[in-house]
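I have placed the structure first, in the form of structure tokens, so that the comments after it can refer back to it.
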Amino acid sequence: MNKTLGFKLGTIAVLILLLLIPLFMIGGLIDERQSLRDDVLRDIARSSSFEQQISGPMVVVPYRKYERRWIEKDGQSVQETYTLNGNLYFLPETMDADIGVETELRARGIYQARLFHAKGSIKGRFKLPERWGIDKDYDDYRFDKPYLVVGISDIRGIESGLELKFDDQQLAFEAGTGLDWMRAGVHVPLPQLDGQQARAFDYGFDIALQGTGQLHVLPVGRSSSVAMRANWPHPSFIGSYLPTRRDIDDTGFTAHWQTSFFATNLEDALDQCVSPQACNVFLGTTFGVSFVDPVDQYLKSERAIKYALLFIALTFAGFFLFEVLKGLSVHPVQYILVGVALAFFYLLLLSLSEHLGFGLAYGLSASGCVLLIGFYLAHVLRSLGRGVGFAAGLAALYAMLYGLLSAEDYALLMGSLLCFGLLGVFMVLTRRLDWSRVGRLG
């Protein structure tokens, strides 16, 4: 290869490597701003309420069991009695929930957190077995008053008083659950339950709950049915089960979940709840909705900067083509100025998107860079037509990049086709060029 040509290509490679420095700095700034945003959102949630999980209802029966064992004392076998304390747990036969959700934005500075207000009713039926399901040694047990418990992960979000409809009675809930492994929630003592005979009763209560980000439901019923509707058109369904039916439009969504003990295995998981750590399976068998805004300007800015090296390489390749095909001279300083302008696009995109939204910020940042580079190249390439043509090509690249950022599922396919197409254009333009005879550039 001609020495001058090799030196030029080496210089271009070094310039590209140097431009990685500001790009890395902008990438670090994106991470820093995203971390600051997350801290502000957590602070807003800390001042109101975090994500919410509704766990229950279930009936809890505290007991004391008297055990006997033989011990050696003073050379003689003596019978000793000691006490075991614990709880019996009973999950409902049916659980039907109907929940409506309204979302709102809370702002702090330039950052916004999306809060939700969930209002609805939960009802169903319990079937409690005779003698609390204990087949033997029943006389060794002493039972305290049973109560019904509902776990609510952040009780600060309870917006109104809770009352339980127990058959035909109205009973007021009290704070706390009385359980070591599920401390956050409410409970209500249940009268007229002595466990001597099998008993079935209907239950129901209304709930009004505020939270941030996500709403989870633990389907505790042998048969559970949960219907949810909200004014949020971008739901992300999360958890162990997807809705059996869902309908999403521009005004919001409706969704319906249906589960059973056969699918959840919650009775076995509840039997393992002897410590908070052992209850992770039980408490984690949930489903729900995330109300997080899918248009994350920081995530899209981070994805956009991954294509920065490709943009700079393609722009420099265009300069190089003008040099070898038109015999023009482009100085390394001119290369680096255009490269810095391309890098500034990402800084403009980040700063504007925090105030204007990603789409508008992208359009303004791209337009500013295209106009600046087009104006500059019209003088560098000594032709208004060439400057306008180069700017048009750069604008097309920015449009393609926006398409890549918007089409997450097809980004790899579109990016591969774009690179292949540009390689084809380069090969077509240089198909008649005799590289061995390329003389001094410029």
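Please work out how much length the chain gains when fully extended from Asp98 to Leu372, using 0.36 nm per residue of separation minus the C-alpha to C-alpha distance, in nm with one decimal. Provide the component values of the computation, followed by the final result.
Details: separation 274, 0.36 × 274 = 98.64 nm, distance 5.64 nm.
Extra length from Asp98 to Leu372 when fully extended: 93.0 nm.
Using helices alone, I'd like the mean residue ellipticity at 222 nm for the chain: each DSSP H run of four-plus residues gives -39500 (n - 2.57), total over residue count, nearest 500.
Taking each H run of at least 4 residues, the total per residue is -13500 deg cm²/dmol.
Kindly rank 158-169, 350-361 from highest to lowest mean number of other beta carbons found within 10 Å of each residue.
Values: 158-169: 14.2, 350-361: 17.2.
By packing density, highest mean first, the sequence is 350-361, 158-169.
Give me the one-decimal nm value for the distance between modelled label points at Asp140 and Leu299, 7 Å along each residue's Cα-to-Cβ direction.
So the label points at Asp140 and Leu299 sit 5.5 nm apart.
At 37 °C and 0.692 mPa s, what whole-number value in µm²/s does Stokes-Einstein give for the translational diffusion of the stretch 169-307, with Rh from the Kirkwood sum over Cα pairs?
Stokes-Einstein gives a translational diffusion coefficient of 179 µm²/s.
Exceeding 26 Å between C-alpha atoms, which entries from my cross-link table qualify? They are Lys65/Lys123; Lys65/Lys127; Lys8/Lys300; Lys145/Lys165; Lys65/Lys165; Lys123/Lys145. Numbers along the way, then the final one.
Values: Lys65/Lys123 33 Å; Lys65/Lys127 23 Å; Lys8/Lys300 34 Å; Lys145/Lys165 18 Å; Lys65/Lys165 31 Å; Lys123/Lys145 22 Å.
Beyond 26 Å: Lys65/Lys123; Lys8/Lys300; Lys65/Lys165.
Working out 0.36 nm times the residue gap between Ala175 and Asp194, then minus their Cα-Cα distance, what length gain in nm do you get to one decimal? Kindly include the intermediate steps, with their values, before the conclusion.
Details: separation 19, 0.36 × 19 = 6.84 nm, distance 2.34 nm.
That works out to 4.5 nm of additional length.
Rounded to the nearest angstrom and ordered from largest down, what semi-axes does the equivalent ellipsoid of the stretch 84-141 get from its C-alpha gyration tensor (root of 5λ)? Provide the component values of the computation, followed by the final result.
On the way: eigenvalues 410, 60, 5 Å².
Output for the stretch 84-141: semi-axes of 45, 17, 5 Å.
Computed from the mean reciprocal separation of all distinct C-alpha pairs, what Kirkwood hydrodynamic radius does the stretch 119-162 have, in Å? Intermediate results must be reported in sequence, preceding the final value.
Working: mean 1/r = 0.0692 Å⁻¹.
Value: 14.4 Å, from the Cα pair sum.
Would you report the distance distribution of C-alpha pairs in the stretch 232-387 as whole percents per 10 angstrom bin, up to the bin with the largest distance?
Spelled out per bin, shortest first, that is 9, 23, 18, 15, 13, 11, 7, 3, 0.
Tally up the carbon and sulfur contribution to the accessible surface of the chain as a whole percent, 1.4 Å probe, everything protein left in place. Please report the intermediate quantities before stating the final value.
Details: 12880 of 23090 Å².
Carbon and sulfur: 56 percent of the exposed surface of the chain.
Hey, rough spin-label estimate for Arg42 and Phe24, points 7 angstrom out along Cα→Cβ, what's it come to in nanometres?
The answer from the label model is 2.7 nm.
Specify, per residue and in Å³, the volume enclosed by the convex hull of the alpha carbon atoms belonging to the chain.
Details: hull volume 98.9 nm³, N = 442.
Taking the convex hull of the Cα positions in the chain, it is 224 Å³ per residue.
Specify the angular offset, from 0 to 90 degrees and rounded to the nearest 10, of the alpha carbon long axis of helix 308-326 from the longest principal axis of the alpha carbons in the chain.
The angle comes out near 10 degrees.
Amide H neighbours of Gln214 under 5 Å, at least 5 residues apart or on other chains, H built in the peptide plane: list them.
Close amide H contacts, sequence-distant or interchain: Glu51, Gln52, Phe291.
Over all alpha-carbon pairs of the stretch 246-308, lay out the pair-distance distribution in 5 Å bins, whole %, shortest bin first.
Taking all Cα pairs of the stretch 246-308, the binned fractions are 4, 12, 14, 12, 11, 12, 12, 11, 8, 3, 1 percent.
Could you list, by residue number, the cysteines of the chain that have no other cysteine's beta carbon within less than 4.7 Å of their beta carbon?
Here Cys369, Cys419 come out as lacking a disulfide-compatible partner, given the Cβ-Cβ threshold of under 4.7 Å.
Running a GNM on the chain with Cα contacts under 10 Å, which residue among Leu372, Leu423, Leu29 ends up with the highest mean-square fluctuation?
Sorting by GNM fluctuation, first place goes to Leu423.
Describe numerically, in nm with one decimal, the distance between label points set 7 Å from Cα along Cα→Cβ at Val428 and at Leu413.
According to this spin-label approximation, the distance is 2.3 nm.
The values are calculated or read from the model by the stated rules, or taken from the named source; none is laboratory data. The structure presented is a predicted model; accordingly, all values stated were derived computationally and were not measured. Every residue, glycine among them, receives a Cβ derived from its backbone with ideal geometry; neighbour counts consider all protein chains shown. Surface accessibility is based on the protein's heavy atoms, side chains included, excluding ligands, DNA and RNA. Shrake-Rupley method; radii C 1.70, N 1.55, O 1.52, S 1.80 Å.
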